[in-house]
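Worksheet: one structure, shown below.
No lab work stands behind these numbers, since they all come straight from the coordinates. Because the structure is predicted, anything quoted here is derived from the model rather than measured. Every residue, glycine among them, receives a Cβ derived from its backbone with ideal geometry; neighbour counts consider all protein chains shown.
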Amino acid sequence: MPRTRAISPAQKDARRNAILHAAAELFQNAPYEQIIMQQIADRAGLAKGTLFLYFESKEQLFLTLTVENLNRWLDDLSADLHAQTPPLMTLAFTRLVERSLRRQPAPAGQTILLRLLSLHPTRLTQALNSDSIDKITRPLHVSLQTTADLIESRLPYLQPGQGQVILRRMIALLIGLPGSLTLTPAEDSPSDVFAEFSAVLNLQLYALETLHRRKSATPTTAN
């Protein structure tokens with residue numbers, strides 16, 4: 001059957017999404033290094049040349065896929081935070097974050113977001129020019145700021161700007177946490193990446209909360 005050309009914006013969006021979906025499906029069963037653009041094109045039912053009309057390289061495609069999945073999680077987390085009445089206790093916050101991560105798409109039992117983050121976004125950007133990176137990541141900056149503002153407004157001990165710091169630390173934890181690919185551990189293994197993530201995040205936030213309480217309890221010395 002001859003392939004039809006995508007003409008309307010809706011058709012182009014549908015084709016772009018089909019490409020991203022095909023790449024995500026392949027990534028569930030094969031390491032990034034083993035995936036080639038021809039496989040993605042075949043999976044999406046497209047000619048390889050058509051694929052390059054939408055994504056100039058595998059790095060650009062997977063960075064886009066990473067950003068879109070990260071945005072999906074941030075939007076989900078922001079909705080949860082928005083529904084909470086401040087102030088929010090640290091443990092309640094970390095449990096809320098953990099639940100939002102567990103809800104992310106997990107075909108084949110593995111959360112695609114964590115697998116993508118394990119590639120480390122900076123690794124993907126090394127092969128791209130600054131204009132391409134900016135175009136892909138621009139929506140992410142908005143999502144990061146929105147979520148950071150909500151975190152800051154819900155945790156009463158955070159100082160201005162610390163919501164952004166906490167959010168970036170959360171993403172860094174997801175990138176580097178040991179065992180981040182073992183999302184459905186064997187029965188004889190206690191490893192659970194989300195529980196580990198929540199525990200580490202708890203420690204960091206409790207440290208900030210304790211420091212804030214000590215500063216608040218310290219009497220000011222009159223001049």
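Points worth noting:
- Relative contact order of segment 56-217, pairs being alpha-carbon contacts under 8 Å that are 6 or more residues apart, as %: 31
- Partner aspartates and glutamates for LYS48 [C-alpha distance under 16 Å; skip if fewer than 8 residues away on the same chain]: GLU56, GLU59
- Gaussian network model of the chain, springs between alpha carbon atoms under 10 Å - residue of ASN71, ASN202, ASN29 with greatest fluctuation: ASN29
- Loop sites here are GluC sites (Glu not before Pro) outside DSSP states H, G, I, E and B with no more than 14 other Cβ atoms within 10 Å. The longest part of the chain free of them is 57-186.
- Straight Cα distances below 19 angstrom link LYS135 to the lysines LYS12, LYS58, with same-chain residues fewer than 8 positions distant left out.
- Under the span-like rule (Cα at least 20 Å along the axis, Kyte-Doolittle mean at least 1.0), DSSP H helices of the chain: 162-176
- Globularity index of the chain, i.e. its alpha-carbon radius of gyration over 2.2 N^0.38 Å: 1.20
- Phi to ³J(HN,Hα) by Karplus 6.51 cos²θ - 1.76 cosθ + 1.60 over segment 117-123, Hz, x for Gly, Pro: 5, 5, 6, 6, x, 5, 5
- Radius, Kirkwood style, for segment 1-55 when every pair of distinct Cα atoms is counted (Å): 11.5
- Counting only DSSP H runs of at least 4 residues, each contributing -39500 (n - 2.57), and dividing by the residue count of the chain, the helix-based mean residue ellipticity at 222 nm comes to -22000 deg cm²/dmol.
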